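Asks: The structure follows.
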Amino acid sequence: MLHDLFNPSVQHALDLVGIFVFAISGALLAVRKNFDVFGMAVLAEVTALGGGLFRDLVIGAVPPAAFTDLGYFLMPLVATALVFFLHPEVERTQTAVNVFDAAGLGLFCVTGTTKAYDYGLGLTSSAVLGMATGVGGGVLRDILAVEAPSLLRWDRDLYAVPAIVGATIVVLSIRFDVLNAYTSGIAVLTAFVLRLLAMRYHWRAPRAWNRRSSTRETEKATAQ
Amino acid sequence: MLHDLFNPSVQHALDLVGIFVFAISGALLAVRKNFDVFGMAVLAEVTALGGGLFRDLVIGAVPPAAFTDLGYFLMPLVATALVFFLHPEVERTQTAVNVFDAAGLGLFCVTGTTKAYDYGLGLTSSAVLGMATGVGGGVLRDILAVEAPSLLRWDRDLYAVPAIVGATIVVLSIRFDVLNAYTSGIAVLTAFVLRLLAMRYHWRAPRAWNRRSSTRETEKATAQ
Amino acid sequence: MLHDLFNPSVQHALDLVGIFVFAISGALLAVRKNFDVFGMAVLAEVTALGGGLFRDLVIGAVPPAAFTDLGYFLMPLVATALVFFLHPEVERTQTAVNVFDAAGLGLFCVTGTTKAYDYGLGLTSSAVLGMATGVGGGVLRDILAVEAPSLLRWDRDLYAVPAIVGATIVVLSIRFDVLNAYTSGIAVLTAFVLRLLAMRYHWRAPRAWNRRSSTRETEKATAQ
């Protein structure tokens, strides 16, 4: 069984940590959007479990893990309670939240890729679905909050690329038959560190070529 | 079979009523958003069938009921035609629509919970999915109309709580082995009445604690 | 097997063309929304594959074709690269893109209907799901870009009707046992030509009856 890469209880604990930090980011956005406590809980659940839910529906793993593991469901409620009572303190620790979110991203893209391959997807498809597992919850969070998904915006630090790299390391490990706890750990770490570097140095992806020049011209024209 | 709680034809008639009133709310929002008649039909279908469709995908009941029961599909079209020709009259009966919508909410959260349990979900997961069945269509409706989901907004009367209570009564009935037409009816009625009371007395859920104070301060600061 | 209506390699080539032009429309919207290159790729993939993905989840064809056929995944990336480097040229050929998009719509509603019927759906449900296959990707594209879905807006030329007509021709052909490459071709062509005519003559669907008068009155009132 590929997806018992780590000791099962270690794996489960890591999953819960990833779910928790993703849920924090959902609950914080709900506060910023002025949603009530149920809106916070919904956004926390969707952010934390949405990526995995999409993956499980695509590979036919029903009912999805989100609906069979009680801990997966309760963790976002704990995050909601924390943000509800302490949100200025939580926002002040935004850096810590970002670091955990990066860890969640690394972990989810790796476990997502592995689970997709376990269910019979090809290598490329597994990597794509693994990446979608990592970034999907955040996209759903932004859609529910009626905001342009931060994944798609050019003025946000790279988020998809670390997930792509992590997922690619996993499928290369599978391809060369060296997938184990160590190579998986390297994949998680690489995605995690890349995301931290992207935030630290504000790495961004380019927009369409002529867009940039024409936008600048428009801005000049508007400024005059 | 748990989900033949009521006489099947009674159950089916109740389902159609729930679908119809949910569809009315979808078509009315489409009118308010200036969509055309096809936009009305799409929003009516999505509002009425979206919650059940999500539930069926999660529990693996494919093809979902929305695509196997012709009545489920036709009912929203009837609602669309009605709103198309008579929408000022329908809006004038907004109170009646709200009452029916509350009935639909009560019914859907109960039948959703029961069907989820039938398909092997645990008690908590069944209640969560039952609640999602009740509120999911409305969330999809708001997303398609590019509006902040009214479920999440703090300035809307409680909607999730009646569904949670109804679903909880069902799983408690299952737990204590007393689920039947009477206890199910009590669950539907409780959710229905709670929703009516929430609308009548404008019950609302709190926002994050410090949000309220900091918002007030910001407002003061802005006012000066 | 119903869905081998055309020579398989012809069918596959047609699918790839449809995917490609849908992807172009997704990437172009991403440019207009100022998304980065990853946003362009995501919007291209979602627009091109979203309708078929929804269809496959509903009929239980998992993993969906989008995750098993590598060409389906790569085509939107080619479209993204093209728009990335050449988007002013691509926009200048907007008419050509619209023509291809109409072809994609015709093709997808026909193959979607056929595949749905193959998987055991009834005639009406197959037509509905076929239509959803054709229009679904565009709706998801607009939701991700936080725009009111152009499918729903009254000020857009008819898009759903050509898909409905194409899907209806398919189910009538099935009903009267004459579904083959010719009748399927007629269905594709009819949807295609109807969409072209709708764009050429700006055919639009009506809004709710009293809406139009009350809007006009409001406009008058505002103008005074």
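Asks: Here is a list of conditions, (1) of a type outside the set (Asp, Glu); (2) modelled with pLDDT of 90 or more; (3) in a helix (DSSP H, G or I), and residue C:88 meets all of them except one; can you say which number that is?
Replies: Here residue C:88 clears every test but (2).
Asks: Sticking with this one: Being part of a loop (DSSP other than H, G, I, E, B), modelled with pLDDT of 90 or more and in contact with a Leu (Cβ under 7 Å, 6 or more places away or on another chain) narrows it down to one residue among A:121, A:129, A:107; which is it? Before the answer, list the steps.
Replies: Values: A:129 fails: part of a loop (DSSP other than H, G, I, E, B); A:107 fails: part of a loop (DSSP other than H, G, I, E, B).
Exactly one of A:121, A:129, A:107 is part of a loop (DSSP other than H, G, I, E, B), modelled with pLDDT of 90 or more and in contact with a Leu (Cβ under 7 Å, 6 or more places away or on another chain), namely A:121.
Asks: Take residue C:67 and decide whether it is at the interface with another protein chain (Cβ under 10 Å from one of its Cβ atoms), in contact (Cβ under 8 Å) with a residue 40 or more places away in the chain and surrounded by 18 or more Cβ atoms within 10 Å (Cβ to Cβ).
Replies: No, not satisfied.
Asks: Within segment B:77-98, is there a residue that is small (Gly, Ala, Ser), surrounded by 19 or more Cβ atoms within 10 Å (Cβ to Cβ), facing another protein chain (nearest Cβ under 10 Å) and within 27 Å of residue B:193 (Cβ to Cβ)?
Replies: Looking through segment B:77-98, none of the residues is small (Gly, Ala, Ser), surrounded by 19 or more Cβ atoms within 10 Å (Cβ to Cβ), facing another protein chain (nearest Cβ under 10 Å) and within 27 Å of residue B:193 (Cβ to Cβ).
Asks: Specify which of the listed residues (C:137, C:166, C:185) is modelled with pLDDT under 95, under 20 Å from residue C:48 (Cα atoms) and in a helix (DSSP H, G or I).
Replies: C:137
Asks: Within segment A:176-205, how many residues turn out to be in contact (Cβ under 8 Å) with a residue 60 or more places away in the chain, in contact with a Phe, Trp or Tyr (Cβ under 8 Å, 6 or more places away or on another chain) and hydrophobic (A, V, I, L, M, F, W, C)?
Replies: 1
Asks: Here is a list: B:36, B:15. Which entry is farther than 16 Å from residue B:143 by Cα and free of Cβ contacts under 8 Å to residues at least 12 places away in the same chain?
Replies: B:36
Asks: I'm checking my understanding of the structure. Among residues of segment B:125-144 that are in contact (Cβ under 8 Å) with a residue 60 or more places away in the chain and at the interface with another protein chain (Cβ under 7 Å from one of its Cβ atoms), which one is farthest from residue B:26 (Cα to Cα)?
Replies: It comes out as B:129.
Asks: Now for a different question. Restricting to segment B:43-57, name every residue that is acidic (Asp, Glu) and within 15 Å of residue B:75 (Cα to Cα).
Replies: Hit for segment B:43-57 is B:45, nothing else.
Asks: Condition first: within 8 Å of chain B (Cβ to nearest Cβ) and within 25 Å of residue A:130 (Cα to Cα). Now tell me which residues in segment A:28-52 satisfy that.
Replies: Taking segment A:28-52 and keeping what is within 8 Å of chain B (Cβ to nearest Cβ), we get A:30-31, A:33-40, A:42-43.
Result: A:42, A:43.
Asks: Does residue B:173 satisfy the criteria of being within 11 Å of another protein chain (Cβ to nearest Cβ), buried (at least 17 other Cβ atoms within 10 Å of the Cβ), without any contact (Cβ under 8 Å) to a residue 24 or more places away in the chain and hydroxyl-bearing (Ser, Thr, Tyr)? Step through it out loud before you land on a result.
Replies: On the way: within 11 Å of another protein chain (Cβ to nearest Cβ): no; buried (at least 17 other Cβ atoms within 10 Å of the Cβ): yes; without any contact (Cβ under 8 Å) to a residue 24 or more places away in the chain: yes; hydroxyl-bearing (Ser, Thr, Tyr): yes.
Here the answer is no, as residue B:173 does not meet what is asked.
Asks: Okay, moving on. Any chance segment B:34-44 includes a residue that's out of contact with any Leu (no Cβ under 6 Å at 6 or more places or on another chain), modelled with pLDDT under 90 and farther than 22 Å from residue B:189 by Cα?
Replies: Yes, some residue in segment B:34-44 is out of contact with any Leu (no Cβ under 6 Å at 6 or more places or on another chain), modelled with pLDDT under 90 and farther than 22 Å from residue B:189 by Cα.
Asks: With respect to the numbered conditions (1) part of a helix (DSSP H, G or I); (2) modelled with pLDDT under 90, which one is the sole condition not fulfilled by residue A:115?
Replies: For residue A:115, the failing item is (2).
Asks: Please state which of the following conditions residue C:60 fails to meet, knowing it meets all the rest: (1) within 11 Å of chain B (Cβ to nearest Cβ); (2) crowded, with 18+ Cβ neighbours inside 10 Å.
Replies: So the condition that residue C:60 fails would be (2).
Asks: Still on this structure, please answer the following. Would you mind finding the one in A:54, A:67 that is aromatic (Phe, Trp, Tyr) and modelled with pLDDT under 95?
Replies: That would be A:67, the only listed residue that is aromatic (Phe, Trp, Tyr) and modelled with pLDDT under 95.
Asks: On to the next question. Could you check how many residues of segment C:46-64 are over 12 Å from the mean Cα position of the chain (by Cα), under 14 Å from residue A:125 (Cα atoms) and touching a residue at least 12 places away in the same chain (Cβ under 8 Å)?
Replies: 2
The values are calculated or read from the model by the stated rules, or taken from the named source; none is laboratory data. What you see is a predicted model; the values in this text were computed from it and never measured. For neighbour counting, all protein chains shown are included, and Cβ atoms are generated from backbone atoms with ideal geometry for every residue, glycine included.
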